[in-house]
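Below is one structure, written out as structure tokens, with a few remarks after it.
Every number here is computed from the coordinates shown, using simple stated rules; none is lab data. Note that the structure is predicted; figures quoted are calculated from it, not measured. Note that we place each Cβ from the backbone using ideal geometry, even for glycine, and neighbour counts take in every protein chain shown.
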Amino acid sequence: MSDDDPFSELTEDDMRAMRDAYREDAMRTAAQEAARDVVPEATVKPPTLAQKLVNIMASVGRVEKRGKSAFHNYKYATEADVAEAVRGVLITERVVLLPSLLTIATRGEGKQSITQVVMRYTLINADDPRDTLSYDMPGEGQDVGDKGPYKAVTGSEKYALMKLLLIPTGDDPEKDGDGEPAGDGKEARQDEPEGDPDPKPAPPPRSRNRSGNPCTAGQVKLLYARLKNANVRKEALCERFSLERLEDMPFASVNDALAWIGQGEG
């Protein structure tokens with residue numbers, strides 16, 4: 001080899017080490033350039049509690065008045081019916097409702113005792129437990145025995161849900177009856193027991209067949225939005241529930257449809 005050749009005195013091991021070092025340096029440089037070109041993925045934020053409440057309001061429609069007071073001669077929406085209409089949607093939207101008793105007082109009135117309570121209801125976004133909303137609702141229960149506190153709490157819970165979500169029942173304080181006897185024309189009392197003044201054990205809630213009552217426009221919008229987010233075909237949902245159009249979805253099947261979409265089927 002020539003004396004001008006800088007590699008003339010390098011051994012084969014030296015040359016191999018130089019090649020390995022060059023290869024490592026090239027790979028390190030390529031990795032750094034690739035890292036600069038990567039766009040960080042956008043963090044997907046869960047829906048806020050306010051957004052979930054909008055979805056719940058869109059999903060819950062009118063609650064039928066299936067309870068009847070034989071003593072006062074009027075119909076009213078029962079706490080069980082309101083809870084049934086709301087519970088499934090709260091689960092679907094992952095919203096927790098926690099009740100707590102703030103105050104309770106009982107006073108006598110003849111043979112009856114009247115119990116008054118103030119309850120606090122706290123809504124919690126299960127996807128972000130720091131996102132909460134609390135509000136208070138009074139309740140009153142009248143009973144000849146020991147059921148006054150339970151009636152008061154039941155009435156408070158019913159109206160807490162109805163007023164929070166603006167659930168209509170058909171009640172109109174300024175209108176007397178409409179094919180429904182209204183007794184003295186007063187709006188249904190909050191403390192009305194779920195049945196007779198001295199109620200007997202109630203039968204299990206009946207499942208309501210609302211196949212002739214389609215879902216609301218808001219519920220249709222919610223279904224379309226969920227289909228899009230879950231990348232589920234509208235045709236698959238219609239086929240699952242034997243529908244010609246999504247707009248024909250029965251009111252009572254909306255919660256089942258939302259749960260089915262959430263499973264990502266179709």
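If Lys and Arg each add +1 and Asp and Glu each add -1, what is the summed charge of the other residues whose beta carbon sits under 15 Å from the beta carbon of residue 56?
Counting the neighbours of residue 56, the net charge comes to +3.
Sorting 254, 232, 95 on the 10 Å Cβ count, fewest up front, what's the list?
If I rank by nearby Cβ atoms, fewest first, I get 232, 95, 254.
Provide the convex hull volume over Cα atoms per residue for region 210-266, in Å³.
62
Going through region 47-94, which chymotrypsin sites (Phe, Trp or Tyr not before Pro) have at most 12 other Cβ atoms within 10 Å and a DSSP loop state?
When the chymotrypsin sites (Phe, Trp or Tyr not before Pro) of region 47-94 are filtered for loop state and at most 12 Cβ neighbours within 10 Å, 71 remain.
Among the chymotrypsin sites (Phe, Trp or Tyr not before Pro) in region 223-263, which ones are in a DSSP loop with at most 16 other Cβ atoms within 10 Å of the Cβ? Mind listing them?
241
Based only on other Cβ atoms within 10 Å, what is the fewest-to-most ordering of 223, 165?
In increasing order of surrounding Cβ atoms, one gets 165, 223.
Distance in nm between label sites at residue 128 and residue 54, each 7 Å beyond Cα in the beta-carbon direction?
If labels sit at residue 128 and residue 54, their model points lie 1.4 nm apart.
What are the ³J(HN,Hα) couplings of region 144-159, residue after residue, when phi is run through the Karplus curve with 6.51, -1.76, 1.60 and θ = phi - 60°? Round to Hz, x for glycine and proline.
Values per residue, Gly and Pro as x: 7, x, 10, 8, x, x, 5, 5, 5, 5, 4, x, 4, 5, 4, 6 Hz.
Taking the number of other C-beta atoms within 10 Å as the exposure measure, put 113, 100, 242 in order starting with the fewest.
242, 100, 113
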